[in-house]
Amino acid sequence: MAREELIGRTIAGRFEIEALVGQGAMGSVYRARQTTLGTTVALKILHRGLAGEPMFAARFLTEAQAASRVDHPSSVRVIDFGEEPDGLLYLAMEHLDGRTLAKIVEDDGPLPVARIVEIASQILAALAVAHDIGVIHRDLKPENIMVLEGKDDEGRARDVVKVCDFGVAKLLERSEKGRNVTADGVVVGTPEYMSPEQAKGEALDARSDIYSMGVLLFQLMTGKVPFDASTAFGTALMQVNDEPTRPRLLNPKVDARLEAICLRAMRKRRADRPASARALRAELRALVERSETSERSEAMVEGRLIDQVEARPRRSGMVVAVAVIAATVAVGTVFYARPEANVEPRANVSPSVDADAKANAKAEADAKAKAEAEAKPKAEAEGDAKTKADGEEPKKEASLPKVRRIVVNARRGRTKASAVPISEEEMLQIPTSSAPAEKAEKPAAKPEKPAPEPPPLPVFPEPPPPEPDTAK
């Protein structure tokens with residue numbers, strides 16, 4: 001019977017066929033209206049050549065019943081299945097308004113990591129439920145996966161995945177073992193997505209679907225299948241013997257972690273693959289969660305840096321103000337330690353040094369008077385006076401380090417600075433060149449209390465002029 005001749009026919013007394021939607025190796029898919037409920041369904045009619053096989057028909061009904069037990073949001077819901085009196089086998093499923101995954105890859109090309117993980121996670125969730133009840137898909141490929149447009153809880157666009165045709169490929173394999181099924185276009189599975197054990201005709205388990213899932217990941221990352229020979233047999237042979245090309249060699253933008261997961265799912269030995277659909281799904285979800293955590297951490301760090309940059313001008317102004325205050329305190333401390341600077345301009349001379357100089361001058365005058373009284377030669381007395389007078393300058397020079405020490409102490413943040421009188425022996429031990437001040441270990445602190453005002457300088461009377469030498 002031609003495919004178009006079924007349009008208008010009612011199947012099982014309640015599914016009225018309206019239009020041909022698609023066709024494949026196993027049969028054709030029609031849009032039909034369920035007359036009892038007035039809803040639209042997808043009706044799959046198997047080829048006459050397959051339906052005419054008694055063993056195949058029995059297996060189809062068994063597997064269709066098993067597929068109807070796969071109750072998961074990401075699995076196409078099976079509404080009804082059966083056999084018409086003329087031997088026509090049908091499978092009624094929920095009608096889906098979307099695109100196949102094959103069409104998405106064709107239209108959109110390689111997909112970003114987040115979208116790949118989102119789609120693959122939904123496929124694997126449906127596979128996990130099917131595997132729990134012993135149903136193996138065995139023909140997992142983009143044409144058997146529908147993607148609808150939906151929204152998440154926050155109203156954002158989201159891919160809604162539906163996996164179709166559970167268990168049908170398994171039927172084909174069993175039929176081929178029973179009798180030679182040679183219907184036109186019938187292929188036992190799809191060579192581009194077959195696992196090596198399936199290509200070799202070995203017993204299959206859930207890990208065969210894991211391999212097919214790895215092929216899907218490869219295609220979603222690169223837009224291509226890993227193995228594609230000129231013939232179906234050549235492609236199946238490559239599945240058994242050849243290693244896949246690394247996806248990043250075909251698409252440099254592929255995430256290295258996703259590539260590693262994909263290649264592990266495509267290991268030749270099923271024992272080397274993830275143990276279950278749930279395990280593979282957990283690996284994919286962890287990849288995205290780590291990426292989201294990293295992005296949140298980077299966003300937090302970036303936000304902190306922005307806050308610091310925005311706050312930096314204000315902090316700089318505070319630093320400048322503190323520096324000005326510290327400099328003012330240091331300078332004020334130095335001048336407070338030198339009150340004589342307000343009396344008369346004497347550069348670099350402390351009060352104690354000035355007092356010592358006056359005392360020395362008086363002693364010098366007394367010595368000179370005594371020398372003249374003893375009738376020493378005038379020239380010798382004048383020479384001695386000059387020698388002693390010349391000694392005043394070194395004492396003044398020696399006082400310079402004392403002043404520098406006061407300045408250094410003020411810069412180090414000491415709260416008190418005073419000029420302590422020192423002896424003449426200590427003055428001679430002070431080097432004329434001061435060493436550079438050490439680097440302050442702590443920032444300048446505010447002075448606790450101003451230094452007490454030093455007592456006024458003593459005023460000494462001028463020495464009397466020398467008495468005339470009456471002896472001469």
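Out of all the residues in the stretch 210-258, which are touching a Lys or Arg at 6+ places or on another chain (Cβ under 9 Å) and closer than 16 Å to Ala199 by Cβ? Within the stretch 210-258, Ile210, Tyr211, Ser212, Gly214, Val215, Ala236, Gln239, Val240, Asn241, Glu243 qualify.
Taken over the stretch 89-104, the criterion of being farther than 17 Å from Val21 by Cα and in contact with a helix residue (DSSP H, G or I) (Cβ under 6 Å, 6 or more places away or on another chain) is satisfied by Leu89 alone.
None of Glu118, Glu106, Glu63, Glu84 is of a type in the set (Asp, Glu), assigned by TED's automatic domain parsing to the domain that holds Ala282 and either in contact with a Pro (Cβ under 6 Å, 6 or more places away or on another chain) or over 24 Å from Val163 (Cβ atoms) (or both) except Glu84. The residues listed here are Gly214, Gly234; of these, the one that is free of Cβ contacts under 8 Å to residues at least 24 places away in the same chain and either of a type in the set (A, V, I, L, M, F, W, C) or part of a helix (DSSP H, G or I) (or both) is Gly234. Just wondering, is there one or more residues in the stretch 169-190 that are assigned by TED's automatic domain parsing to the domain that holds Arg99, over 20 Å from Glu53 (Cβ atoms) and at pLDDT below 95? Within the stretch 169-190, one or more residues are assigned by TED's automatic domain parsing to the domain that holds Arg99, over 20 Å from Glu53 (Cβ atoms) and at pLDDT below 95. Annotation: of all residues in the stretch 144-158 being closer than 21 Å to Phe218 by Cβ and out of contact with any Gly (no Cβ under 7 Å at 6 or more places or on another chain), the one that is modelled with the lowest pLDDT is Asn144. Residues of the stretch 74-87 that are surrounded by fewer than 18 Cβ atoms within 10 Å (Cβ to Cβ) and touching a residue at least 12 places away in the same chain (Cβ under 8 Å): Arg77, Asp80, Gly82, Glu83, Glu84, Gly87. Only one entry in Gly8, Gly22, Gly38 is more than 30 Å from Leu258 (Cα to Cα), small (Gly, Ala, Ser), surrounded by fewer than 17 Cβ atoms within 10 Å (Cβ to Cβ) and touching a Ser or Thr at 6+ places or on another chain (Cβ under 8 Å), namely Gly22.
The values are calculated or read from the model by the stated rules, or taken from the named source; none is laboratory data. All values reported here derive from a predicted model rather than from experimental measurement. Cβ sites come from the backbone with ideal geometry, for glycine too, and all protein chains shown count toward neighbours.
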